[in-house]
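The values are calculated or read from the model by the stated rules, or taken from the named source; none is laboratory data. Predicted model only: the values in this text are computed from it and were never measured. Cβ placement follows ideal geometry from the backbone for every residue including glycine, while neighbour counts extend to all protein chains displayed. Just so you know, the surface numbers come from the protein's heavy atoms only, side chains and all, with ligands and any DNA or RNA stripped out. Shrake-Rupley method; radii C 1.70, N 1.55, O 1.52, S 1.80 Å.
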Protein chains: 2
Amino acid sequence: MAVRRMTARPANAHQARLLRLLRDGGPNSRAELGDRVDLSRSKLAVEIDRLLETGLVVADGLAASRGGRRSHNVRLNSELRFLGVDIGATSVDVAVTNPELEILGHLNQPMDVREGPVAVFDQMLAMVAKLRDSGVAEGFDGAGIGVPGPVRFPEGVPVAPPIMPGWDGFPVREALSQELGCPVMVDNDVNLMAMGEMQAGVARSVGDFFCVKIGTGIGCGVVVGGEVHRGTTGSAGDIGHIQVEAEGRPCPCGNRGCLEAYFGGSALARDAEAAARDGLSAELSARLETAGRLTAEDVSTAAAAGDGTSLDLIRDGGARVGQVIAGLVSFFNPGLVVIGGGVTGLGHTLLASIRTQVYRQSLPLATGNLPIVLGELGPAAGVTGAARLISDHLFSPA
Amino acid sequence: MAVRRMTARPANAHQARLLRLLRDGGPNSRAELGDRVDLSRSKLAVEIDRLLETGLVVADGLAASRGGRRSHNVRLNSELRFLGVDIGATSVDVAVTNPELEILGHLNQPMDVREGPVAVFDQMLAMVAKLRDSGVAEGFDGAGIGVPGPVRFPEGVPVAPPIMPGWDGFPVREALSQELGCPVMVDNDVNLMAMGEMQAGVARSVGDFFCVKIGTGIGCGVVVGGEVHRGTTGSAGDIGHIQVEAEGRPCPCGNRGCLEAYFGGSALARDAEAAARDGLSAELSARLETAGRLTAEDVSTAAAAGDGTSLDLIRDGGARVGQVIAGLVSFFNPGLVVIGGGVTGLGHTLLASIRTQVYRQSLPLATGNLPIVLGELGPAAGVTGAARLISDHLFSPA
DNA sequence: TCGACTTTTTCCATGGACTGGACAAAGAGT
DNA sequence: ACTCTTTGTCCAGTCCATGGAAAAAGTCGA
């Protein structure tokens, strides 16, 4: 049986504000809401009644008394469903959330973006169908999707993506919206990770921060005043090709000495294989022997087992990343730096190395109170951010 | 005779909007204003009448007919005066502007910030008195002031300024406000330069850009969505101590390889003196002989005269700055980069060197349409920005 | 069980914000 | 003199929003 999807949108800024409060704060009484939005109780009641009429919000019984009349709680209609898709360089994540953006179902599959949008869409839609069949959703009120490259945000179209050439100009937003029959928003995967950590992770209630994602490549989500900064052409945060060594290693991008030539999933795997072949690490050599090739994960487990070469690789990489972050911290003076992405499995060795470098190189005033932490959402960050992206869009005045 | 200063402030957002429009667009008819603010003509008339009552706005005769009834122009009260002060490391600028932020009088004097706030204030107030005596103003409706270091913006107090130790915690805002009897806002000098170029220079109508100021040191004003980004502790834009060389030259800050160890007024003068002593340039040696020491200006004039060593110094420095800017461009993806400050006398040699480096190192998507230009306001940028700072403050809802 | 007190919600009169339309004023063009 | 255009003013009506009064629904102690 088909559920009627919500098509209503908040009619004004007050309603939008209320919807977001309900999303982020869970069920709430009218009185509590009144304290948070600057509105008289009368006006508040009117707006809530209107939201109830639209079906976006439903009554949620009576709260426990706090010494007086019990309050009538309201909450977002729990039938609302958002879809979050996170397309990485080598895998896809698909998740379904409730209106509070909590994940109800989550699938992850390996994939290669370079196979192009059509193949990837097929795979992704199959994953969506599987989630649907599992019963967590019958349809979607909105979907957010992240792709590993710059996006022309208003149109929802990838633009000149270096690692996914076939996607240039592919109308992701349009295509997915057609397929799902609901509103869709598209963004860079790194920006979505930042939004995810802001929604439900370490960056809650931080206005200015950035979020460095170290996966196959290296990117950075920039948040200013609670809003993602996308830049003039949508390429803000593209820090993977900042130069860290004057006449350094050649990089696929054509330059020399780029950060990504020294660290990130690709560089780490390549360096580990070289070390294994040079016989620097018995541990790595053995793994290379059996698997035929090495990945960042191999380095991670070897390091955890105490392999010195692997630890050195991580420390060196961390120092390179730290060097870049140190510069950005001086420039941007954030209140928090989040490190996330696939290689967070490298954990505290990496983090320590980054911290050392940043605290040594940046100005005391900028680092004095600057936490540098790992993201706490892991693979859920991207899809959570995707859900937040579309819900922010839908929960804004029509 | 004392003029009664304006104490009125806009009562609501509409009035604030109108005041800013009048400031930036000059005299205007009601009809034109109506097209730019989204208000009915009735409501507009009411708000303008109220502004007329406050005295902030005055009638300005009739405009020429455009085929119908002539419009009644209004403009800001031309008796309004703003004071802009720009305290640099080695000089002070003081200027008076009309309500449209055009400079009516401007003084510049050499000075050493390290003499401390009391001495500098004395000198500055004497300059203000001189301007007053010259008849451009009898009093001020507001003042903006820039200092060469980080500022705790809400309080208007310098915080941990490296090059002006005696100023730490000195209540600049409070003190100047007391002295002048008008509202005062304080900011970093680099931020003010950015605001100046945004108000009346190359950055008009650009939302996201940054403004690199190369004076004694090197700093950077960061503008996001038309607003200056000051960072969590007010130190955003402090790029002078970003590392450009791994185990590079020692820097007074304690680290090695900082940008300021390679370029900026101080470094350039030092390098020029070394070159002169080593006999690399007859031109510079001669100047050193006569003056006893060299400044960035000497290098500038020598370069203009074709001195190869000086040109090399500028080119090398530009490459260093360009290297840092390239990284920041990748990170921030601005729509414009402005180069300003004392050493802009180095002109197009410097600019060309910076451009080469940035266009080579940053991603094509970020640089594809990125102008890198010299500021067009020169020494007026800082004081114009200071005037804009206070007028933005005064022209916002009470 | 009965007041006294709290807290929440609803109701209502009032005032202000804002709009759109009618109308007047002032000019251009014919 | 007439029409057309542009601008400014007036006004009635609508919607927004507030603050206070009153009602509803509860706790708690006597």
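Taken as a whole, the condition of being closer than 17 Å to B:Ser391 by Cβ, touching a residue at least 24 places away in the same chain (Cβ under 8 Å), away from DNA strand D (no atom under 16 Å from the Cβ) and more than 14 Å from chain A (Cβ to nearest Cβ) does not apply to B:Leu131.
Only one entry of A:Gly225, A:Gly156 meets the criterion of being at pLDDT 95 or above, outside the structural domain of A:Glu102 (by TED's automatic domain parsing), surrounded by fewer than 24 Cβ atoms within 10 Å (Cβ to Cβ) and more than 12 Å from the chain's Cα centre (by Cα), and that entry is A:Gly225.
Residues being away from chain A (no Cβ under 14 Å) and buried (at least 22 other Cβ atoms within 10 Å of the Cβ): count how many of those fall in the stretch B:345-376. Qualifying residue count for the region: 4. Regarding A:Glu179, is this residue under 24 Å from B:Ala326 (Cα atoms) and open to solvent by 30 Å² or more (accessible area, probe 1.4 Å)? Spelling it out, it is not the case that A:Glu179 is under 24 Å from B:Ala326 (Cα atoms) and open to solvent by 30 Å² or more (accessible area, probe 1.4 Å). Among the residues of the stretch A:246-277, those that are among the hydrophobic types (A, V, I, L, M, F, W, C), free of Cβ contacts under 8 Å to residues at least 40 places away in the same chain, touching a helix residue (DSSP H, G or I) at 6+ places or on another chain (Cβ under 6 Å) and not in a helix (DSSP H, G or I) comprise A:Cys251, A:Cys258.
The combined condition, being surrounded by 12 or more Cβ atoms within 10 Å (Cβ to Cβ), within 21 Å of A:Gly142 (Cα to Cα) and in contact with a Pro (Cβ under 8 Å, 6 or more places away or on another chain), is not fulfilled by A:Leu21. Inside the stretch A:196-211, residues that are over 23 Å from A:Leu22 (Cα atoms) and within 11 Å of another protein chain (Cβ to nearest Cβ) make up a count of 3. Scanning the stretch B:40-57 for residues that are assigned to a loop (DSSP other than H, G, I, E, B), surrounded by fewer than 17 Cβ atoms within 10 Å (Cβ to Cβ) and away from DNA strand D (no atom under 11 Å from the Cβ) gives a single hit, B:Gly55. For the stretch A:84-101, the tally of residues that are free of Cβ contacts under 8 Å to residues at least 60 places away in the same chain and touching a helix residue (DSSP H, G or I) at 6+ places or on another chain (Cβ under 9 Å) stands at 3.
Taking the stretch B:66-83, which residues are farther than 19 Å from B:Leu22 by Cβ and in contact (Cβ under 8 Å) with a residue 24 or more places away in the chain? Within the stretch B:66-83, just B:Leu83 meets the criteria.
The residue that is nearest to the other protein chains (Cβ to nearest Cβ), among those in the stretch B:212-223 that are more than 21 Å from B:Asp24 (Cα to Cα) and of a type in the set (Val, Ile, Thr), is B:Val222. Restricting attention to the stretch A:58-103, the residues that are assigned to a loop (DSSP other than H, G, I, E, B), open to solvent by 60 Å² or more (accessible area, probe 1.4 Å) and either away from DNA strand D (no atom under 16 Å from the Cβ) or within 29 Å of A:Gly265 (Cα to Cα) (or both) total 3. Could you say whether any residue in the stretch B:329-342 is open to solvent by 10 Å² or more (accessible area, probe 1.4 Å) and more than 14 Å from chain A (Cβ to nearest Cβ)? There is at least one residue in the stretch B:329-342 that is open to solvent by 10 Å² or more (accessible area, probe 1.4 Å) and more than 14 Å from chain A (Cβ to nearest Cβ). When the residues of the stretch B:117-130 are filtered to those that are open to solvent by less than 10 Å² (accessible area, probe 1.4 Å) and not β-branched (Val, Ile, Thr), which remaining residue is nearest to the chain's Cα centre (by Cα)? This residue is B:Met124.
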